[in-house]
Amino acid sequence: MSKILIIDDENSIRRTLREILEYEKYQVEDAPTGMDGLQLAKDQEFDAILCDIKMPEMDGIETLEALKQITDCPVIMISGHGTIETAVEAIKKGAYDYISKPPDLNRLLITIKNALDKSKLVTETKALKKAVSKNNEMVGESAAMHEIRDMIQAVAPTTARVLINGENGTGKELVARQLHELSTRSHAPFIEVNCAAIPSELIESQLFGHEKGAFTSAIKQRKGDFELAHGGTLFLDEIGDMSLSAQAKVLRALQENKVTRVGGEKEINVDVRIIAATNKNLKEEIAQGRFREDLYHRISVIVIKVPPLRERADDIPLLVQHFMQLSCQKMGKALPHITGDALLELQQYQWTGNIRELHNAVERLVILGGNNIDQQTVKRFARPLND
């Protein structure tokens with residue numbers, strides 16, 4: 001049942017609104033002053049708030065401003081003395097809507113319904129962001145992890161380009177996402193491109209876009225990832241696998257902050273922060289003629305080395321608990337108990353696939369290991385069943 005707060009100094013208005021809303025099956029609280037309403041909003045969670053504008057001591061606009069500091073709940077302003085200027089001011093201050101007194105019943109109920117829909121959407125978005133954040137959490141208390149976190153904290157607020165180096169499965173993407181989330185660009189897009197997964201003949205279209213008719217299958221114009229990431233972050237994963245021709249165009253884009261779509265002539269201004277990652281030794285690739293040295297110097301202002309799991313075995317118990325919680329939450333299962341011997345067994349394995357391989361192993365243990373995961377269970381199920 002949705003919960004609504006009414007803030008109005010007129011007892012008759014509060015009583016009338018309460019009767020209407022309770023008849024519509026809403027749970028209602030009311031307050032005679034702005035200060036009382038603020039206190040209720042601090043103590044309880046509401047799905048929508050109705051607030052009068054003309055009140056003694058603390059008027060509705062002041063109350064609205066204070067409410068926006070403590071809650072994301074939509075606030076609907078109501079007044080019998082309002083003007084268009086007052087309504088505009090209320091909306092600018094963050095009000096969801098403005099209704100004149102005496103309120104039209106149908107308009108009031110529709111406005112409340114729409115406000116509740118917005119409130120529900122905000123709540124769901126927060127829950128989704130929290131779940132995504134949990135999935136992207138960097139877990140570990142080893143010295144290497146503390147060093148990486150310190151580096152991220154120092155580098156993220158800057159515009160410096162970052163190269164993340166590490167074996168497959170070590171969590172390079174998590175580092176990139178943390179750099180974006182802690183940057184001033186966190187409100188803008190984070191666009192990821194896996195350079196190893198895109199054929200060399202298509203990578204330029206992927207990055208820079210194309211015009212209609214630029215090639216056989218170009219049936220319509222397409223924006224490239226540089227344009228889509230405008231104002232945000234472009235993550236070039238496995239950049240060591242990018243073709244030399246694409247490298248040349250990326251270098252030009254970084255130098256001039258401009259791109260040209262495949263088959264086009266118009267230069268398009270772009271503002272993106274580049275974060276790149278690779279599992280290759282780019283200096284060796286440069287020596288072999290497979291990577292441009294000038295591009296390397298452009299993207300490696302800051303280099304972050306992500307260690308393999310074998311160099312941070314002390315983090316494995318924390319990672320196991322983290323992955324168990326994620327897996328159980330996803331499957332709707334109770335969290336199993338895992339013994340100290342089982343954790344020690346997992347620490348002694350050589351995880352060639354690093355954290356990604358460990359995550360898969362934990363998921364198998366959650367599915368097949370029962371309610372108590374011991375050393376024998378780990379020996380039986382931690383490795384893929386066909387090994």
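The values are calculated or read from the model by the stated rules, or taken from the named source; none is laboratory data. A quick note: this is a predicted structure, and the numbers were derived from the prediction, not measured. Quick reminder, even Gly has a Cβ in these numbers, built from the backbone with ideal geometry, and neighbours come from all protein chains shown.
In the list VAL250, VAL320, which residue meets the criterion of being among the β-branched types (Val, Ile, Thr) and under 30 Å from ASN371 (Cβ atoms)?
Just one listed residue meets the conditions, VAL320.
Check whether at least one residue in the range 282-296 is at pLDDT 90 or above, part of a helix (DSSP H, G or I), touching a Ser or Thr at 6+ places or on another chain (Cβ under 9 Å) and crowded, with 19+ Cβ neighbours inside 10 Å, and report yes or no.
Scanning the range 282-296, I find at least one residue that is at pLDDT 90 or above, part of a helix (DSSP H, G or I), touching a Ser or Thr at 6+ places or on another chain (Cβ under 9 Å) and crowded, with 19+ Cβ neighbours inside 10 Å, so the answer is yes.
Which residues, counting only those in the range 191-211, are farther than 19 Å from ILE164 by Cα and touching a residue at least 24 places away in the same chain (Cβ under 8 Å)?
SER200, ILE203, GLU204, SER205, LEU207, PHE208, GLY209, HIS210, GLU211
Rundown of residues vs (1) small (Gly, Ala, Ser); (2) touching a residue at least 12 places away in the same chain (Cβ under 8 Å); (3) outside any loop (DSSP other than H, G, I, E, B), yes/no style:
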{"position": "ARG310", "(1), (2), (3)": "no, yes, yes"}
{"position": "PRO317", "(1), (2), (3)": "no, yes, yes"}
{"position": "PHE323", "(1), (2), (3)": "no, yes, yes"}
{"position": "LYS330", "(1), (2), (3)": "no, no, yes"}
{"position": "ALA334", "(1), (2), (3)": "yes, yes, no"}
{"position": "ASP341", "(1), (2), (3)": "no, yes, yes"}
{"position": "ILE355", "(1), (2), (3)": "no, yes, yes"}
{"position": "HIS359", "(1), (2), (3)": "no, yes, yes"}
{"position": "VAL362", "(1), (2), (3)": "no, yes, yes"}
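Mind telling me which of the residues ASP36, ASP47, ASP52, ASP8 ends up being assigned by TED's automatic domain parsing to the domain that holds LYS120 and without any contact (Cβ under 8 Å) to a residue 40 or more places away in the chain?
When all the criteria are applied, what remains is ASP36.
Just a yes or no: is a residue in the range 81-93 modelled with pLDDT of 90 or more and assigned by TED's automatic domain parsing to the domain that holds GLU62?
no
Within the range 348-355, does at least one residue satisfy the condition of being surrounded by 18 or more Cβ atoms within 10 Å (Cβ to Cβ), touching a Lys or Arg at 6+ places or on another chain (Cβ under 6 Å) and either assigned by TED's automatic domain parsing to the domain that holds GLN153 or not hydroxyl-bearing (Ser, Thr, Tyr) (or both)?
no
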